[in-house]
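Asks: The structure is given below, and queries will be raised subsequently.
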Amino acid sequence: MMKANGYDESKPIKARPFEGAYQIIEGEHRWRAAQKAGVETVPVFVIEVDDDEALIQLVAGNVQTDNHPLDIGRIARKIASKSGKKGNTYKDLSLRWGYGQKNVERYSRCDEVKEFVEQKDTGVLLLDYSFLLEIRKCRQSDWLWFHDLVINKELSKNDCIEISKRIRAIDDIAKSAAATVLNLTELKQEIATSKERVFNERLSLIEGIEDCAGQLDEQWVLYKYDVLKDEVVEYTHNARESFLNRLSNQKELTRQIVFSIYKTETDKKRQQTRANAEADAAHYRDKANKEEADELARAEWEAFMPEQGKWYQVGQHRLYCGDNRDKVFIDGLPDKVALVFADPPYNEDVAEWDNDFTWQQDYLQDVADYVVVTPGISMIQSFLSTTKMSYKWSLSAWISNGMTRGALGFGNWMYAALFSKLESVHLNAQDFKKINIKTSENEGHYHKGRKPSEYLDWILGLFCKEGQSVVDPFLGSGSTLLQCEKKGLVCYGSEISPEYCKKIMEQHKAIIDANII
């Protein structure tokens, strides 16, 4: 028709100046039709507008043609999201375009999903806004897998609506408790296309978890008889945390299991009262029940394992299970002690703990009058170049009946560096000691980095008086603590391995029971 009748002059194309040329705002289809019809000139109405106004008029000029809902949503989001501009709210845009405000807002929400999925580069994009609108009703963390599920399964709109309802039903009841125990994303993916029965079972499971967790207090004060200490112990129990941890450890979780574990937690509050703990104490203290008490003590000790980050009382000594740089360890030390004896790893790879060690313990100089460090002969240069503590002197010990491998072939001496903030460290003492390693100290010992008892006896005797305190930040096999026990000193030790901590406790109990001291 245009080829026969020419271009209708009453319908000029609307354009704006743009980057040295002109950008069509309205009438692109007429312009293309004119090109196809061989019309060389067409009337153009040129206006000066900014980018936002150009987009607004672009939509307005194509209301009767091919505006795609997602294009409308993208433009509306881009313009309405800019704060401080009057006349660009969703309501204003809908009035200018002739679309209902609710529709414009829906299109914008759909475009959010499209943009999010595009950023993940998934390939095929879902462009039907009615599907995207159902996905948008869910949480953003579910958009991608939900979108891909619709594409891969070729789901219908009704399927999409049903899945959206299921996902939101889970989100409505699943709070922090269920999120702690379950992988909610995996659960949603499971129930998305499952049978109604499975969906209802999962929903009931989540309700059960939230219901039970909500009934449990975070702190209960409970009592128990500690057969190892032979005393009634008061302790706080986080029932909610214990409940959730036990659920998390279940391979298969059902509503029945949830309430069974909930019952065991509530039973603790009823059973572990002070009166019941006192009754247990009286029972096990009765000589007639000694065999039963001994068996209980054995079982409890076998089940016990020190926890990292905690202090433990070992006789008169204090044992910290954890890193000696931990604030809990440093804060738990006395204000001042006589001696710090530090025997750090030598990086000789004799065990798992003996590698990649770097000295970071200079704070120890503020703890004690004297700090003695045995860095290992191969690490002397590295250690002394790293520490900023106040060096005073060195000590050495000759092992008269043993030797280890060394740079020259063999070595049979031990080096120790002495640090102190004291002006003088004069003790009228020798800085050299000949020692003899007892055969019993070497046979089948589990810890390869321990120091001989005679060496420790010399160091402790040199810098400490009976009743004073000693800190060992690398307690290892516990030799320092055991030697302190024998010399009437109090040891504050740190050992990062829970297994070694337990062995230290066992050895201390053994020398007490054997009356070695």
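Asks: Convex hull volume of the Cα atoms in the chain, per residue, in Å³? Before the final figure, lay out each step's value.
Replies: On the way: hull volume 161.1 nm³, N = 517.
Per-residue hull volume (Cα only) is 312 Å³.
Asks: Of the options Gly402, His508, Ser10, report the single residue whose Cα projects farthest towards the positive end of the charge dipole of the chain (beta-carbon charges: Lys, Arg +1; Asp, Glu -1).
Replies: Ser10
Asks: With a/c under 1.5 counting as rounded, go ahead and sort segment 195-345 into rounded, prolate or oblate using the C-alpha gyration tensor (a ≥ b ≥ c being the square roots of the eigenvalues; past the cut-off, prolate if a/b is larger than b/c, else oblate).
Replies: oblate
Asks: Report, in degrees rounded to the nearest 10, the 0 to 90 angle that the Cα long axis of helix 69-80 makes with the longest principal axis of the chain.
Replies: That works out to roughly 70 degrees.
Asks: Could you work out [θ]222 nm for the chain from helices alone, using -39500 (n - 2.57) per DSSP H run of at least four and dividing by all its residues? Round to the nearest 500 deg cm²/dmol. All intermediate terms of the calculation are to be shown ahead of the outcome.
Replies: Working: 21 runs with 235 residues, N = 517.
It lands at -14000 deg cm²/dmol.
Asks: Give me the dipole magnitude in Debye, nearest 20, for the chain about the Cα centre, with unit charges on the beta carbon: positive for Lys and Arg, negative for Asp and Glu.
Replies: That gives a dipole near 1020 debye.
Asks: Can you list which of the GluC sites (Glu not before Pro) found in segment 293-388 are DSSP loop residues with at most 11 other C-beta atoms within 10 Å? Don't jump to the answer; show the numbers that get you there.
Replies: Numbers: sites: Glu295, Glu300, Glu302, Glu307, Glu348, Glu352; in loops: Glu307, Glu348, Glu352.
Answer in residue order: Glu307, Glu352.
Asks: Same structure, new question: Give the residues of segment 310-332 whose amide nitrogen is closer than 11 Å to a point set 7 Å from the Cα of Val233 in the direction of its Cβ.
Replies: 312-313
Asks: Follow-up question, since we're still on this one. Put +1 on the Cβ of every Lys and Arg and -1 on every Asp and Glu Cβ in the chain; which of Val113, Gly488, Ile209 then has its Cα farthest towards the positive end of the dipole?
Replies: Val113
Asks: I'd like the distance separating the alpha-carbon centroids of segment 98-133 and segment 283-334, in whole Å.
Replies: Cα centroid to Cα centroid, the span is 61 Å.
Asks: Estimate the FRET efficiency between Asp326 and Ile380 by the formula 1/(1 + (r/R0)^6), using the beta-carbon distance for r and 35 Å for R0, to the nearest 0.05.
Replies: Details: r = 27 Å, r/R0 = 0.77.
Calculated value: 0.80.
Asks: Another one. In debye to the nearest 20, how big a dipole does segment 166-304 give about its Cα centre with +1 on each Lys and Arg Cβ and -1 on each Asp and Glu Cβ? Intermediate values should be presented prior to the final figure.
Replies: Details: 22 positive and 28 negative charges, 117 e Å.
Roughly 560 debye for segment 166-304.
Asks: For the Cα atoms of the chain, what angle does the longest principal axis make with the long axis of helix 143-153, in degrees from 0 to 90, nearest 10?
Replies: In the chain, helix 143-153 runs at an angle near 60 degrees to the longest axis.
Asks: If you don't mind, another one. If r is the Cβ-Cβ distance from Gln119 to Thr185 and R0 is 22 Å, what FRET efficiency results, to the nearest 0.05? Show your work: numbers first, answer last.
Replies: Numbers: r = 18 Å, r/R0 = 0.84.
That gives a FRET efficiency of 0.75.
Asks: Be a star and scan segment 193-235 for residues whose amide nitrogen sits under 12 Å from the point 7 Å along the Cα-to-Cβ vector of Glu241.
Replies: Once the point is set 7 Å along Cα→Cβ of Glu241, 218-220 turn out to lie under 12 Å by backbone N, inside segment 193-235.
Asks: Quick check: net charge around Asp335, other residues with Cβ under 15 Å of its Cβ, Lys/Arg +1 and Asp/Glu -1?
Replies: Numbers: positive: Arg318, Lys336, Lys421; negative: Asp331, Asp366, Asp369.
Around Asp335, the surrounding residues sum to 0.
Asks: Between Lys36 and Asp217, how many nm apart are label points set 7 Å from Cα along the C-beta direction?
Replies: 8.0 nm
Asks: Under a Cβ-Cβ cut-off of 12 Å, what is the net charge of the residues other than Lys224 that fall near it, where Lys and Arg count +1 and Asp and Glu count -1? Display every interim value, and only then the final one.
Replies: Working: positive: Lys229, Lys268, Arg274; negative: Asp226, Glu231, Glu234, Glu278, Asp280, Glu300.
Neighbourhood net charge equals -3.
Asks: Taking the simple approach of a point 7 Å from Cα along Cα-to-Cβ for both Leu144 and Phe18, what is their distance in nm?
Replies: So the label points at Leu144 and Phe18 sit 3.3 nm apart.
Asks: Compute the acute angle (0 to 90°) between the alpha-carbon long axis of helix 157-173 and the principal axis of greatest extent of the alpha-carbon atoms of the chain; round to the nearest 10°.
Replies: With both axes taken from Cα atoms, the answer is about 40 degrees.
Only the coordinates and a few stated rules stand behind these numbers; no lab work does. If you're wondering where the values come from, they're calculated on a predicted model, not measured in any experiment. All Cβ positions, even for glycine, are placed from backbone atoms using ideal geometry, and neighbour counts span all protein chains on display.
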